[in-house]
Amino acid sequence: MASLEKGSSVSGEGKWRQRIDLDTILVEELGQLGRYQVRVVLLAVLAVIFIGWTTNEFVFTAARIRTRCVIPECEQDGVTEFEPEWILNAVPAAGNSFDNCVRFASVASSRSGHCPAELFDRNRTVNCEGFVYENTNSIVYDFNLACDEWRRSLIGSVRTFGTLVAMPITGYMSDRWGRKTVLSIVVFNGAWLGIVRYWANTYIGYVISTFIESTLGSGGFACVYVMLMEVMGPKYRLPTGAILNCSFAVSQVLMALIAWAVPNWRKLTLSLYAPQLTAIAFFWIMSESVRWLMSKGRYDESEKILKQIARVNRTTLSEKSLQMLKDCAEEENRRVELKKLQKTNEPLLIVEVFRHKAVLCRCIVAPVWWITMTFIYYGLSINSVNMSGNQYLNYMAVSAVEIPGFWTAVFLMSKVGRKIVLTTAYWICAACQIGYIFMPNDQYGLSLAVYLIGKYSISTVVTTLYVYTAELYPTKHRHTLFAFCSMIGRIGSIIAPLTPAFGAAVWDELPFALFAGFGLLSGALVFLTPETKGAKLPDTMEQADRIGTNTDT
């Protein structure tokens with residue numbers, strides 16, 4: 001809130017003036033959640049839906065397709081049926097179906113168009129020389145990836161790696177050129193580059209276009225998140241963050257519905273990316289962040305937007321408050337510049353971290369939490385389309401269950417604390433993975449229920465981890481150390497798309513065993529860090545060291 005501060009050159013030596021910041025104005029004059037903020041939230045939700053489509057579209061465009069070997073001895077001329085009545089004579093059984101990648105060795109030619117078991121050596125299998133595909137919906141058919149799980153799965157990892165490359169670039173651009181400008185650019189880039197991929201005719205071309213699109217068209221979520229946090233009142237920032245996470249889940253449900261209606265990967269690509277061309281309009285219909293404008297000394301523009309907020313929210317903003325806000329912003333900018341000049345005499349951050357063992361411990365365990373979170377969160381989404389049953393319904397259910405998970409975290413964190421929510425959610429998720437491994441194949445309903453509880457639990461982890469990680473570090477280095485954890489955590493999201501290939505190469509249930517192991521480990525590591533519920537946000541390394549002790553005030 002507003003406070004009194006001893007005067008400087010602005011007010012004269014020995015005088016007192018009132019200090020005010022944007023949070024104070026939002027609370028006392030503009031409104032923390034008015035019609036203006038609601039409009040921004042709705043635009044942000046639309047942006048996140050677009051971003052969600054580009055993030056995970058490979059789940060369907062590069063989906064696994066059931067295949068079988070071509071059996072020249074038995075195929076009828078001009079007719080290739082995927083599951084003929086003689087198939088188990090020529091191909092080994094696998095679960096409730098048949099093997100996708102091998103066949104029995106031939107010992108004779110077909111007689112009279114029949115395909116009896118006697119034509120094959122059932123004690124010897126050979127790899128397929130050609131494949132019959134159940135459908136032509138994904139790139140697996142166009143690029144003949146049949147049983148090549150590694151190349152198919154690599155597409156998701158390439159996309160995630162491109163996103164990792166984009167994050168620091170987008171962050172720099174956002175701080176330099178503004179939130180709405182960069183948001184408009186990256187979403188529009190993702191749109192037209194995604195449309196270009198419609199014409200990809202080779203696997204290499206598809207992979208390259210995916211990397212370029214994810215590098216030049218990613219990072220929009222961070223822009224939206226920062227923009228929204230900078231315009232919302234303090235009381236509504238946590239719920240607003242949950243709304244953005246929910247919007248991402250909604251985008252995944254919508255994507256699955258669109259993929260169900262338009263299954264062919266080329267047509268699906270156009271259906272998902274063409275609407276995103278409208279994102280260029282964000283540049284004109286969104287207002288720039290007031291906080292960013294003030295940090296750049298663009299006070300006339302920030303004043304214009306503040307007056308617009310007051311008009312839309314039907315509130316009153318006094319000229320006195322505007323002048324005080326400008327004065328304080330100028331003082332803050334001078335202080336920042338002075339800190340930059342003094343920074344050369346400060347020790348490196350890594351040196352400071354090693355001097356404070358409690359903070360060092362958090363810098364070691366927090367990245368493990370993030371790797372686990374992204375690994376399981378994306379891994380469960382990606383593997384859901386390979387479960388038995390309708391892949392589109394499976395994906396929609398797994399995405400929709402995230403929404404109650406996000407809000408559960410918001411509710412419980414303020415009631416029981418961060419640590420117990422985080423540990424319990426990790427361990428429940430791990431228990432679900434173990435249960436899923438031992439679930440009988442014919443128990444589809446029960447298997448899906450266990451799977452959904454696991455996704456619900458890891459979604460609870462997502463929201464909790466964002467809040468808890470930020471609270472563990474001092475203000476001076478919070479952004480840097482938080483970004484460090486998030487960046488290292490991307491290792492999990494890079495590996496997650498490869499888990500179907502791990503399962504195909506080693507053991508079908510290996511992905512879920514890995515999810516369980518990481519979940520158990522991360523839940524245990526939470527015990528090494530302090531509870532932050534009710535604790536004052538630390539400003540210095542020394543204060544961060546004392547979190548959870550009797551001297552943490």
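Quote the FRET efficiency, to the nearest 0.05, computed for Asp148 versus Glu509 with a Förster distance R0 of 25 Å and r equal to the Cβ-Cβ distance.
Values: r = 21 Å, r/R0 = 0.85.
In this case the efficiency is close to 0.75.
Axis angle, to the nearest 10 degrees, between helix 319-342 and the longest C-alpha principal axis of the chain: 70 degrees. Its relative contact order, with pairs defined as Cα atoms under 8 Å and 6+ residues apart, puts the stretch 381-499 at 30 percent. For Tyr451, the accessible area of its heavy atoms, probed at 1.4 Å with every protein chain present, is near 10 square angstrom. A straight chain from Asn96 to Gln308 at 0.36 nm per residue would run longer than the Cα-Cα distance by 70.0 nm. Given a 1.4 Å probe and the protein chains as shown, Val107 ends up with an accessible area of around 90 Å². Contact order for the stretch 257-397, expressed relative to its length and based on alpha carbon pairs under 8 Å spaced 6+ residues apart, stands at 18 percent. Based on protein heavy atoms only, the stretch 202-311 ends up with 41 Å² per residue of surface accessible to a 1.4 Å probe.
Return the subset of Lys320/Lys536; Lys235/Lys307; Lys235/Lys533 for which the Cα-Cα distance in this structure is over 23 Å, preserving the input order. Pairs exceeding 23 Å: Lys320/Lys536. Listed by chain and number, the lysines whose C-alpha is less than 21 Å from the C-alpha of Lys339, apart from same-chain residues fewer than 8 away, are Lys6, Lys296, Lys326, Lys476.
On a 0 to 90° scale, report how tilted helix 179-196 is relative to the longest principal axis of the chain, with both axes built from alpha carbons and the result rounded to the nearest 10. Tilt of helix 179-196: around 20 degrees. Legend: residues His479, His114, His356, sorted from most to least accessible area (1.4 Å probe; ligands, DNA and RNA excluded), read His479, His114, His356.
Just reorder Trp507, Trp53 by solvent-accessible area, largest first, 1.4 Å probe, all chains present. Write down the numbers at each step before the final one.
Values: Trp507 120, Trp53 25 Å².
Accessible-area ranking of Trp507, Trp53, largest first: Trp507, Trp53.
Separation of the stretch 373-444 from the stretch 457-529 is 13 Å, based on Cα centroids.
Using only Cα atoms, find the angle between the long axis of helix 237-261 and the longest principal axis of the chain, and express it within 0 to 90 degrees, rounded to the nearest 10. It is inclined by approximately 20 degrees. Listed as lacking a disulfide-compatible partner in the chain: Cys223, Cys246, Cys328, Cys361, Cys363, Cys429, Cys432, Cys485, by the criterion of no other cysteine Cβ under 4.7 Å. Surface exposure of the stretch 368-498, expressed per residue as accessible area with a 1.4 Å probe, stands at 35 Å².
Here's the picture: a label point sits 7 Å out from the Cα of His114 along the beta-carbon direction, and within the stretch 37-77 the residues with their amide nitrogen under 16 Å of it are 74-75. Summing Lys, Arg as +1 and Asp, Glu as -1, what charge do residues with Cβ under 14 Å from the Cβ of Gly233 carry, Gly233 excluded? Counting the neighbours of Gly233, the net charge comes to -1. Within the same chain, aspartates and glutamates fewer than 8 places from Lys180 are excluded, and of the rest, those with a Cα less than 13 Å from its Cα are Glu230, Glu288.
For the chain, give the percent of accessible area contributed by carbon and sulfur heavy atoms, probe 1.4 Å, rounded to a whole number. The partial results should precede the final answer.
Numbers: 15580 of 25490 Å².
Reported share for carbon and sulfur atoms: 61 percent.
With the Cα gyration tensor of the stretch 150-221 giving a ≥ b ≥ c as the square roots of its eigenvalues, does the rule (a/c under 1.5 for rounded; else a/b larger than b/c for prolate; else oblate) give rounded, prolate or oblate? Display every interim value, and only then the final one.
Details: a/c = 3.54, a/b = 1.81, b/c = 1.96.
The shape class here is oblate.
If you roll a 1.4 Å probe over the heavy atoms of the protein chains, what accessible area per residue do you get for the stretch 157-201, in Å²? Could you put the intermediate results ahead of the total?
Values: 1910 Å² over 45 residues.
With all protein chains present, the stretch 157-201 gives 42 Å² per residue.
A 1.4 Å probe over all protein chains sorts Ser318, Ser138 by accessible area into Ser318, Ser138, starting with the largest. When you count the other C-beta atoms within 10 angstrom of each residue and take the mean per peptide, 367-376, 270-279 line up highest first as 367-376, 270-279.
Roughly how compact is the stretch 243-326, stated as its Cα Rg over 2.2 N^0.38 Å to two decimals?
Values: Rg = 20.0 Å, N = 84, 2.2 N^0.38 = 11.8 Å.
Taking N as the residue count of the stretch 243-326, the ratio is 1.69.
Partners of Lys357 within straight-line reach, counting aspartates and glutamates whose Cα lies under 14 Å from its Cα and excluding those fewer than 8 residues away in the same chain: Glu542, Asp545.
Per-residue extension of 0.36 nm, minus the Cα-Cα distance of Asn123 and Leu521, leaves a gain of 139.0 nm for this segment. A helix-only calculation puts the chain at -20500 deg cm²/dmol for mean residue ellipticity at 222 nm, using -39500 (n - 2.57) for each DSSP H run of at least four residues, averaged over all residues.
The values are calculated or read from the model by the stated rules, or taken from the named source; none is laboratory data. The shown structure was predicted, so the numbers you read here are calculated from the model rather than taken from an experiment. Every residue, glycine as well, gets a Cβ built from its backbone with ideal geometry; the counts of neighbours run over all protein chains shown. Only protein heavy atoms, including side chains, enter the accessible area calculation; ligands, DNA and RNA are left aside. Shrake-Rupley method; radii C 1.70, N 1.55, O 1.52, S 1.80 Å.
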